[in-house]
1. With each label point set 7 Å from Cα along the Cα-Cβ vector, what nm distance links Asn71 and Lys92?
2. As I understand it, the value is the acute angle between the Cα axis of helix 248-262 and the longest principal axis of the Cα atoms of the chain; what does it come to in degrees, rounded to 10?
3. With label points built 7 Å along Cα→Cβ from the Cα atoms of Ser60 and Asp134, find their separation and express it in nm.
4. Round to the nearest 10 and give me the degree value, 0 to 90, for the angle of helix 325-336's Cα axis relative to the longest principal axis of the chain.
5. Going by alpha carbons, how many degrees (0 to 90, nearest 10) lie between the helix axis of 187-206 and the longest principal axis of the chain?
6. Considering only protein heavy atoms, what per residue accessible area in square angstrom results for the chain with a 1.4 angstrom probe?
7. With a cap of 10 neighbouring Cβ atoms within 10 Å, and only residues DSSP puts in a loop, list the GluC sites (Glu not before Pro) found in the range 1-60.
8. Please figure out what share of the DSSP beta bridges in the chain is antiparallel and state it in percent, rounded to the nearest 5.
Amino acid sequence: MKRTNDLWYSFSNLEKYKQCPRAFKYIYVDREPVLENEWSKQGSEIHNFLEQILKEAIVSKSFSLSTEFANKYPEILDNFLNLESKRIKRFKDKDLYFENELEQKIYDEELHLVCKIDRVYYLFDKDNGKVLLDYKTGKVKDIQDNYPQLALYTYMYNKKNPLNTIKWWEIDYIKEKDKYFLEEIDNKLIEARIKEVKEEIETIEKDNTYDCKLSPLCLWCPVIHICPMKQQAINKFKSTIEKHKLDMDKIIKEATEYRELKKGKDTKKELVVYSKLAGTTFTSYNLLLIKVGDTLQLVREKDNKYDPNAIAVYHNNNKVGYIKKELAVDLHIALDNNYEVICNAENITGQNKGNIGINIKITLIK
Ligand code: SF4
């Protein structure tokens, strides 16, 4: 298989390829700088907000509502809390309700796939298994429309966590009151999806031309300004332009100016992962010397007799713990792929109970 660059396949870039191979090439292979549209900016803002509020809830075991965002998107907050209040009623053990895995990135080296999971939680007790939850900020669709994404993410999560698998999947349409789907996973569907993904990747790997594929979506294509077919697209979909009152000259001008501004400049990509430091009970170092925001040094311990993927964490040259096992594997991949990896103390917990925990933020920069 040819690898065009260090590209990792994802649900969204595979979808982009199906929509138009040329757009896929410009965005993911050539990494053309593209303007983020209002819709996706808002989507990221909402996702970040939900992540933040859940992160705080995991630590404080309650929801804090005093955020700027709450004033900006009161309805979304309302919808979110409404779903949470229904969810919490299912739990006898409230601590389990707060046991969430948030915004985790999973890499599958075999398929060179990556996925970013919004949230994983227990349905109501450990026996009933975990739920993979994806938040949607767009229009409500039927759950079947989300099966390709849910199936792929479930496959990747379960492969990584064979002893503690996802048994349910859920979609929350956070802009609509009470709009969510929760279903048991379908293993046949997952199998079929993985077969399909393998074929899709094989097709991409063999593609040398990345042909343009005209459709009305060209009018919202973030790389239309550099596409050789742009005029044909504009001529062909005139009625769509009129219907949506699109100013194509303005769209193309702004995108071109942005590209000129960014091209050749720093187009670094950043990924952020949150985790908790493991193995802190084995250190004699006073963990209270670690302050929020402090940089922690990561040291690979390839000779570690228990785990060759172990990554030790140091504060001011003192070993304070380890990166969690499952995350350490991903970090090795990132380091091998020349990512700069920065680790900071994000939160210090349990100070009053004398049971100090260190939440960490890991930033991967390429
Ligand atoms: S404008 Fe249309 S044909 Fe051109 S790259 Fe974008 S989606 Fe493909």
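1. 4.4 nm
2. Helix 248-262 and the main axis of the chain meet at about 50 degrees.
3. Output for this residue pair reads 3.1 nm.
4. 50 degrees
5. 60 degrees
6. Numbers: 20040 Å² over 366 residues.
Ligands and nucleic acids excluded, the result is 55 Å² per residue.
7. Numbers: sites: Glu15, Glu36, Glu38, Glu45, Glu51, Glu56; in loops: Glu36.
Counting only loop positions with at most 10 other Cβ atoms within 10 Å, none of the GluC sites (Glu not before Pro) in the range 1-60 qualifies.
8. Working: 43 of 51 bridges.
Around 85 percent of the beta bridges assigned by DSSP in the chain are antiparallel ones.
The values are calculated or read from the model by the stated rules, or taken from the named source; none is laboratory data. It should be emphasised that the depicted structure is a prediction, and the values quoted were computed from it without experimental measurement. FYI the Cβ positions are ideal-geometry reconstructions off the backbone, even for glycines, and counts take in every protein chain you see. When the accessible area is computed, the model is the full protein with side chains, heavy atoms only, and any ligands, DNA or RNA have been set aside. Shrake-Rupley method; radii C 1.70, N 1.55, O 1.52, S 1.80 Å.
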